[in-house]
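Below: one structure, written as structure tokens.
The values are calculated or read from the model by the stated rules, or taken from the named source; none is laboratory data. All figures in this text were calculated on a predicted structure; none of them were measured in a lab. Neighbour counts are summed over all protein chains in view; Cβ atoms, including those assigned to glycine, are modelled from backbone coordinates with ideal geometry.
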Amino acid sequence: MYRTNTCGELRETHIGTRAILSGWVHRLRDKGFVVWVDLRDRYGITQLVFDQERSPKELLDLARELGRETVIQVQGEVIERASKNPNLPTGDIELLVTELTVLNKSLTPPFTLEDQTDGGEDIRMKYRYLDLRRNPVKDKLIFRHRVALEVRNYLSKLDFIEVETPYLIKSTPEGARDFLVPSRMNPGQFYALPQSPQTFKQLLMVGGMDKYYQIVKCFRDEDLRADRQPEFTQIDCEMAFVEQEDILNCFEGLTRHLLREFHGIDPGEFPRMTYDEAMARYGNDKPDIRFGMEFAELNALAQHRDFSVFNTAELVVGIAVPGAGDYTRKELDALVDWVKRPQVGAKGMVHVKCNPDGSYKSSVDKFYGQEDLAQWAEACGAGPGDLICVLSGATAQTRTQLSALRMELAGRLGLRRPDEFAPLWVVDFPLLELDGETGRYHAMHHPFTAPKAGQLELLERDPGAVKANAYDLVLNGNEIGGGSIRIHDKQTQQTLFGHLGFSPEQAREQFGFLMDAFQYGAPPHGGIAFGLDRLVAILGGQESIRDFIAFPKNNNGRDVMIDAPAAIDSDQLGELHIKLDL
Ligand code: ASP
């Protein structure tokens, strides 16, 4: 028997009993006549004591030599600690060791395995198995487990069943590139790894499963923007005989349950905002509504003077930055430089300082008087002591730029508090999105999304104006879930494929199986998918998803621990009938 108890288990009530523990040597303090060892496992730390008076000399000598992270087994008596440690759950006791076995030695770890480590990201990822021993990482994985379990229980109680769908499939159009897997048995042919189980979950509805969910890996080969992973996990769901309202209610319930369970808060009914409104008020389809700083469109107020920059702009839009009215010249210049960075891309920024005495000082005083500026301030909701930042230009770009500035400044002002949760639904997304490069429309969500009732004929006249039965669940500025009511008849699906530029043959080739299925009594259905990694990170009050994933990949999509991706030998390539052309 390796252990009678874990290292987090022994308490005052165990005093006088014997115990066997196994774990890692976390820390060692050698006072000469006494040696203390902190023994660690997943459950906690127990202090071991070896001393001159009560332990045999050989045992004391052996203990003294123990290196960090050595795996040992000890047996001894649970005794009361002379100086108790109230910060440790096991802090009232220690184990007076009578037997010590070294189970496995350890090299010196390349970074300290403490809560605060000296190890940088690269070295931590290379030795992730050591990093996992640290509390902050371990606790995040346990938290993820608890969230996933809660999701499973909640959905299961609502009659959802978890069904696994295959990983070796044909392309699913979620807007990214596919990861491909060559088929040895079918030379020249490839599987694609699922970008999501989209078509399968719809087929499960045709199959009568009624309510499906799956906590499932998805794979998207895209250039990795910050904090994205090429493989990630979704809580994927689909329901039959539902309208949008049913889905929103069901998954608002799940989200509310998680917030209550993990934070003891009930955010009440989630606000709903149309896509158009979100773009106009926040310049973003996933607005962070933990704080205000809403957009105020200033065209009517600002386009009647001689300031040609504003006069020629499609949109003039401002935000009030609370308490920033005392920014220095230098700070304002830095802000202008910030919006001009290529990542943001604004040409410049106009500012108005709302002075405490009720007067205004702006970078465009030459063109606008105090009364004009007072009107701007009113429109933006700016009061004395605030700063107004105004951007102008083409509508879509300017909104994106101001949204970036809004988020940046809110971050600097501490308004994006991780312990505050502000969920909302964004609804009525456009069905199609124009690709600026190709000039072609593609599905904003995916091509199986149903247009809003009665909008199908608008597809011919004004495709960009058609709204979809699509919705996103947004939490603290992150899209944590998204889904739609689906098309469930062959004709509509075919029409939409046509609008997306598929010839009937191409549509048949890629999605014939789905359109065939729709001819055999497909029920009306719809669904949603949550990004589990992000959801868990937000619930855990963290910005980054990385430590909520046991073995994440780096920004180049590499696993630096196992060193993947890697070249494969020519025999293996030959078996797959692949010749490299590098
Ligand atoms: N398949 C979609 C996605 O991965 C979600 C959905 O429509 O249910 O974003």
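Which number in (1) without any contact (Cβ under 8 Å) to a residue 24 or more places away in the chain; (2) over 24 Å from Arg29 (Cα atoms) marks the one condition that Pro110 misses?
Unmet condition: (2).
Just for strands (runs of 3 or more DSSP E) wholly inside the range 148-240: which have at least 3 residues that are without any contact (Cβ under 8 Å) to a residue 60 or more places away in the chain?
Details: elements: 180-182, 190-192, 211-219, 231-240.
Passing ranges, in order: 190-192, 211-219.
When only residues in the range 540-564 that are in contact with a strand residue (DSSP E or B) (Cβ under 9 Å, 6 or more places away or on another chain) and hydrophobic (A, V, I, L, M, F, W, C) count, which is farthest from the ligand (Cβ to nearest atom)? Spell out how you get there, then give the answer.
Of the residues in the range 540-564, the ones in contact with a strand residue (DSSP E or B) (Cβ under 9 Å, 6 or more places away or on another chain) are 545, 549, 551-553, 557-558.
If we keep only those that are hydrophobic (A, V, I, L, M, F, W, C) as well, we get 545, 549, 551.
Working: Ile545: 16, Ile549: 18, Phe551: 22 Å.
Of everything passing the filter in the range 540-564, Phe551 is farthest from the ligand (Cβ to nearest atom).
Give the range 156-196 a look and list any residue that's within 14 Å of the ligand (Cβ to nearest atom) and either under 14 Å from Tyr212 (Cβ atoms) or of a type outside the set (Gly, Ala, Ser) (or both), or say none.
If we filter the range 156-196 for residues that are within 14 Å of the ligand (Cβ to nearest atom), which is where we start, we get 160, 165, 169, 171-176, 178, 193-196.
Correct list: Phe160, Thr165, Ile169, Thr172, Pro173, Glu174, Asp178, Leu193, Pro194, Gln195, Ser196.
Scan the range 376-392 residue by residue and report those that are crowded, with 21+ Cβ neighbours inside 10 Å and either at pLDDT below 95 or closer than 18 Å to Ala313 by Cβ (or both).
If the condition is that a residue be crowded, with 21+ Cβ neighbours inside 10 Å and either at pLDDT below 95 or closer than 18 Å to Ala313 by Cβ (or both), then Trp376, Cys380, Ile388, Cys389, Val390, Leu391, Ser392 are the ones that fit.
Does Leu95 qualify as being closer than 28 Å to Asp131 by Cβ, surrounded by fewer than 13 Cβ atoms within 10 Å (Cβ to Cβ) and among the hydrophobic types (A, V, I, L, M, F, W, C)? Spell out how you get there, then give the answer.
Working: closer than 28 Å to Asp131 by Cβ: yes; surrounded by fewer than 13 Cβ atoms within 10 Å (Cβ to Cβ): no; among the hydrophobic types (A, V, I, L, M, F, W, C): yes.
Judged against the criteria, Leu95 is not a match.
If a residue has to be away from the ligand (no atom under 16 Å from the Cβ) and assigned to a loop (DSSP other than H, G, I, E, B) to count, how many in the range 429-448 make the cut?
Summing the residues that are away from the ligand (no atom under 16 Å from the Cβ) and assigned to a loop (DSSP other than H, G, I, E, B) in the range 429-448 gives 6.
Filter the range 508-523 down to the residues that are in contact with a Phe, Trp or Tyr (Cβ under 8 Å, 6 or more places away or on another chain) and of a type outside the set (S, T, N, Q) and list them by number.
Narrowing the range 508-523 to residues in contact with a Phe, Trp or Tyr (Cβ under 8 Å, 6 or more places away or on another chain): 510-511, 514, 523.
Correct list: Phe511, Leu514, Pro523.
Identify the single condition in (1) within 20 Å of Phe511 (Cα to Cα); (2) within 15 Å of the ligand (Cβ to nearest atom) that Glu231 does not satisfy, given that it satisfies every other one.
(1)
Here is a yes/no grid of residues against (1) touching an Asp or Glu at 6+ places or on another chain (Cβ under 8 Å); (2) among the polar types (S, T, N, Q):
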position	(1), (2)
Lys211	yes, no
Lys217	yes, no
Arg220	yes, no
Gln234	no, yes
Val242	no, no
Leu248	no, no
Phe251	no, no
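Among (1) at pLDDT 95 or above; (2) at negative phi; (3) in a loop (DSSP other than H, G, I, E, B), where does Gly521 come up short?
Only one criterion in (1) at pLDDT 95 or above; (2) at negative phi; (3) in a loop (DSSP other than H, G, I, E, B) is unmet by Gly521, namely (2).
Check Gly540, Gly574, Gly557 and return the single one that is of a type outside the set (D, E, K, R) and over 30 Å from Leu130 (Cα atoms).
Numbers: Gly540 fails: over 30 Å from Leu130 (Cα atoms); Gly557 fails: over 30 Å from Leu130 (Cα atoms).
On inspection, the qualifying residue turns out to be Gly574.
Considering Thr70, Thr117, Thr112, which residue is more than 24 Å from the chain's Cα centre (by Cα) and modelled with pLDDT under 95?
On the way: Thr70 fails: modelled with pLDDT under 95; Thr117 fails: more than 24 Å from the chain's Cα centre (by Cα).
Being more than 24 Å from the chain's Cα centre (by Cα) and modelled with pLDDT under 95 holds for just one of Thr70, Thr117, Thr112, which is Thr112.
Here are some conditions: (1) charged (D, E, K, R); (2) closer than 25 Å to Asp139 by Cβ; (3) in contact with an Asp or Glu (Cβ under 8 Å, 6 or more places away or on another chain). Glu69 meets all but one. Which one does it not meet?
Evaluating Glu69 over (1) charged (D, E, K, R); (2) closer than 25 Å to Asp139 by Cβ; (3) in contact with an Asp or Glu (Cβ under 8 Å, 6 or more places away or on another chain) leaves (3) as the failure.
Look through Arg272, Arg281, Arg329 and report the one residue that is within 25 Å of Gly385 (Cβ to Cβ), under 24 Å from the mean Cα position of the chain (by Cα) and among the charged types (D, E, K, R).
Working: Arg272 fails: within 25 Å of Gly385 (Cβ to Cβ); Arg329 fails: under 24 Å from the mean Cα position of the chain (by Cα).
Result: Arg281 is the single residue among Arg272, Arg281, Arg329 that is within 25 Å of Gly385 (Cβ to Cβ), under 24 Å from the mean Cα position of the chain (by Cα) and among the charged types (D, E, K, R).
For the range 245-256, what are the residues that are more than 16 Å from the ligand (Cβ to nearest atom) and buried (at least 17 other Cβ atoms within 10 Å of the Cβ)?
Residue satisfying the conditions is Arg256 alone.
Going by the conditions given, is Asp419 of a type in the set (D, E, K, R) and in a loop (DSSP other than H, G, I, E, B)? Please lay out each step first, then the result.
Values: of a type in the set (D, E, K, R): yes; in a loop (DSSP other than H, G, I, E, B): yes.
In short, yes.
For Asp326, indicate whether it is charged (D, E, K, R) and in contact (Cβ under 8 Å) with a residue 40 or more places away in the chain.
Working: charged (D, E, K, R): yes; in contact (Cβ under 8 Å) with a residue 40 or more places away in the chain: yes.
Taking the combined requirement at face value, the residue satisfies it.
May I ask you to say which residue of Thr13, Thr17 is touching a residue at least 12 places away in the same chain (Cβ under 8 Å), over 15 Å from Val102 (Cα atoms) and β-branched (Val, Ile, Thr)? Outline the logic, then answer.
On the way: Thr13 fails: touching a residue at least 12 places away in the same chain (Cβ under 8 Å).
Criteria check complete, one pass: Thr17.
Results for (1) β-branched (Val, Ile, Thr); (2) under 16 Å from Leu39 (Cβ atoms), shown as yes or no for each residue.
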{"site": "Ser55", "(1), (2)": "no, yes"}
{"site": "Glu65", "(1), (2)": "no, yes"}
{"site": "Thr70", "(1), (2)": "yes, yes"}
{"site": "Val74", "(1), (2)": "yes, yes"}
{"site": "Ile79", "(1), (2)": "yes, yes"}
{"site": "Pro86", "(1), (2)": "no, no"}
{"site": "Thr90", "(1), (2)": "yes, yes"}
{"site": "Thr117", "(1), (2)": "yes, no"}
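In the list Asp139, Asp131, Asp159, Asp178, which residue meets the criterion of being of a type in the set (Asp, Glu) and at positive phi? Explain how you work it out, then say what you get.
Working: Asp139 fails: at positive phi; Asp131 fails: at positive phi; Asp178 fails: at positive phi.
Only one candidate passes the filter, namely Asp159.
Would it be correct to say that Gln542 is part of a helix (DSSP H, G or I) and not acidic (Asp, Glu)? First the steps, then the outcome.
Values: part of a helix (DSSP H, G or I): no; not acidic (Asp, Glu): yes.
When the stated conditions are applied, Gln542 does not pass them.
Only one residue in Val242, Val163 is in contact with a Leu (Cβ under 9 Å, 6 or more places away or on another chain) and either surrounded by 15 or more Cβ atoms within 10 Å (Cβ to Cβ) or modelled with pLDDT under 95 (or both). Which one?
Numbers: Val242 fails: in contact with a Leu (Cβ under 9 Å, 6 or more places away or on another chain).
Only one candidate passes the filter, namely Val163.
Please verify whether Glu150 is acidic (Asp, Glu) and surrounded by fewer than 14 Cβ atoms within 10 Å (Cβ to Cβ), treating the condition exactly as stated. It would help to see each step written out before you state the result.
Values: acidic (Asp, Glu): yes; surrounded by fewer than 14 Cβ atoms within 10 Å (Cβ to Cβ): no.
So Glu150 fails the test.
Among the residues of the range 460-472, write down those that are part of a strand (DSSP E or B) and either within 11 Å of the ligand (Cβ to nearest atom) or surrounded by fewer than 17 Cβ atoms within 10 Å (Cβ to Cβ) (or both).
Looking only at the range 460-472, we keep the residues that are part of a strand (DSSP E or B), and these are 467-468, 470-472.
Scanning the range 460-472 gives Ala468, Ala470, Tyr471, Asp472.
Name the residue that is surrounded by the most Cβ atoms within 10 Å (Cβ to Cβ), counting only residues in the range 265-275 that are assigned to a loop (DSSP other than H, G, I, E, B) and either on the phi > 0 side of the Ramachandran plot or in contact with an Asp or Glu (Cβ under 8 Å, 6 or more places away or on another chain) (or both).
If we filter the range 265-275 for residues that are assigned to a loop (DSSP other than H, G, I, E, B), which is where we start, we get 265-271.
Of the ones still in play, those that are also either on the phi > 0 side of the Ramachandran plot or in contact with an Asp or Glu (Cβ under 8 Å, 6 or more places away or on another chain) (or both) are 268-270.
Working: Gly268: 8, Glu269: 9, Phe270: 18.
Applying the filter and picking the extreme gives Phe270.
A quick yes/no check of all residues on (1) touching an Asp or Glu at 6+ places or on another chain (Cβ under 7 Å); (2) surrounded by 13 or more Cβ atoms within 10 Å (Cβ to Cβ); (3) among the basic types (Lys, Arg):
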| position | (1), (2), (3) |
| --- | --- |
| Asn85 | no, yes, no |
| Glu99 | no, no, no |
| Asn104 | no, no, no |
| Pro109 | yes, yes, no |
| Thr117 | no, yes, no |
| Lys126 | no, yes, yes |
| Lys138 | no, yes, yes |
| Ile142 | no, no, no |
